[in-house]
Amino acid sequence: MFENQTVSINDIPKYAEVALQTLHANYKKIVFLNSAIVFVIGLALSIGLFFLFDAEDGVYTFFYIPFVITSLIVVYSLLAYKNKKYAFRQHDVMFQKGLISKTVHIIPYIRIQHIIVKQGWFAKKLNLATLKLHTAANDNVDVSIPGLTLEDAERWKVYVLNRMEILDNESEG
């Protein structure tokens, strides 16, 4: 028999109360390296523009625009990495990020299509990895959790694959 019971807002669990885990401390080194690269590129662009164009018109601010923009990107990156947190729960994974506006992705395991553990060259030296969870959605709902140790990323991958199989079997039976 079909039932459609009313749900009270008080019966819904509050995802904001979930204890989220922070990324590995060595991930800060990767953020610093990426920020340094962006900063150097912005500085080189500013210097290149300064010597490439004649500044007789007194428009010196034009030369500083790439430097200012890349400096803001660097500051944002250095501050925002602290807000990247994650949690694996019984039926889903949560990933939070954002400095100015906080974004929380909650992906049910049953929606995950495939999982990738990725390491960049610097992350490999620090024994860190990124766990990428891909869904079939078209609106960029995929989640990448950076700053995990390689061992933890592999363990989470196996956990999610096992949970996907268990949940799939439960839905069929």
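Excluding ligands, DNA and RNA, the accessible surface per residue across the chain is 69 Å² with a 1.4 Å probe. Multiplying the residue separation of residue 43 and residue 78 by 0.36 nm and subtracting their alpha-carbon distance yields 10.8 nm.
Expressed in Å, the radius of gyration and Dmax of the Cα atoms of segment 57-129 are 18.6, 64. How large is the translational diffusion coefficient of segment 1-112 in µm² per second when you combine the Kirkwood radius over alpha carbon pairs with Stokes-Einstein at 20 °C and 1.002 mPa s? Reported coefficient: 119 µm²/s. Quick check: residue separation of residue 68 and residue 125 times 0.36 nm, minus the Cα distance between them. What number comes out in nm? Value of the extension gain: 17.4 nm. Across segment 122-131, computed HN-Hα scalar couplings (Karplus, 6.51 cos²θ - 1.76 cosθ + 1.60, θ = phi - 60°) run 6, 5, 4, 5, 8, 6, 10, 8, 10, 9 Hz from first to last residue, x flagging Gly and Pro.
Between residue 142 and 135, the built amide H atoms are under 5 Å apart, and every one of these is 5 or more places off in sequence or on another chain. Between residue 19 and residue 172, full extension at 0.36 nm per residue minus the direct alpha carbon distance yields a gain of 52.0 nm. Across segment 84-96, rounded Karplus estimates of 3J(HN,Hα) from the backbone phi angles (6.51 cos²θ - 1.76 cosθ + 1.60, θ = phi - 60°) give 7, 9, 8, 8, 9, 10, 5, 10, 7, 10, 10, 9, 10 Hz, Gly and Pro being marked x. 3J(HN,Hα) along segment 26-41, derived from phi through the Karplus expression 6.51 cos²θ - 1.76 cosθ + 1.60 where θ = phi - 60°, amounts to 5, 4, 4, 5, 5, 4, 4, 5, 4, 5, 5, 5, 5, 4, 5, 4 Hz, with x in place of Gly and Pro.
The values are calculated or read from the model by the stated rules, or taken from the named source; none is laboratory data. Remember, it's a predicted structure, so these values are computed and weren't measured experimentally. Side chains included, ligands, DNA and RNA excluded: accessible areas come from the protein's heavy atoms. Shrake-Rupley method; radii C 1.70, N 1.55, O 1.52, S 1.80 Å.
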